[in-house]
1. Work out the FRET efficiency for Gln93 and Leu54 from their Cβ-Cβ distance, taking R0 = 25 Å, and round it to the nearest 0.05.
2. In segment 1-72, which trypsin sites (Lys or Arg not before Pro) are in a loop and have at most 16 other Cβ atoms within 10 Å, using DSSP for the loop call?
3. In the chain, how many lysine pairs have Cα atoms under 25 Å apart, counting only pairs 8 or more places apart or on different chains?
4. For Met1, Met47, what ranking results if the residue with the fewest other Cβ atoms within 10 Å of its Cβ goes first?
5. Determine the dipole magnitude for the chain: charges of +1 sit on the beta-carbon of Lys and Arg, -1 on that of Asp and Glu, nothing else is charged, the reference point is the Cα centre, and the result goes in debye to the nearest 20.
6. Which label belongs to the value computed from this structure, given these candidates for Cα extents along the principal axes in Å: [x] 72, 29, 22; [y] 65, 26, 21; [z] 36, 26, 21?
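Laboratory data are not the source of any read-out in this text; all were calculated from the coordinates shown. As the structure is a computational prediction, the values presented were derived from the model and not from experiment. Virtual Cβ from ideal backbone geometry, glycine too; neighbours counted across all protein chains shown.
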Amino acid sequence: MNPSKVVRENVRRLTDLPNIGKAGAADLELLGIEKPDDLVGLDPYEMYERLCILTGCRHDPCVIDVFISVTSFINGDDPKVWWAYTAERKKVQAAK
């Protein structure tokens, strides 16, 4: 969902999360995430690695940005567009 339209109190399904549409919801479900609260405490980088292993292919790194956006949101941050997290991801990856 477009982050500007997300109302925290109305988030019940995966597609209610910022930056999550049908394809993103399918990725989350593949990871065993059935509802938004299942994201609490998850590491977006580990989620990405698991997704790549489960699907047998390396996904675009922007998927990490989306995962950062939803885990940050579920942990209390304001909803933001996924590309707001690109610089953070690049910094973390450069440090590895």
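1. In this case the efficiency is close to 0.75.
2. Loop-located and lightly packed - Arg12, Arg13, Arg58.
3. 8
4. Met1, Met47
5. 260 debye
6. Answer label, from the structure shown: [z].
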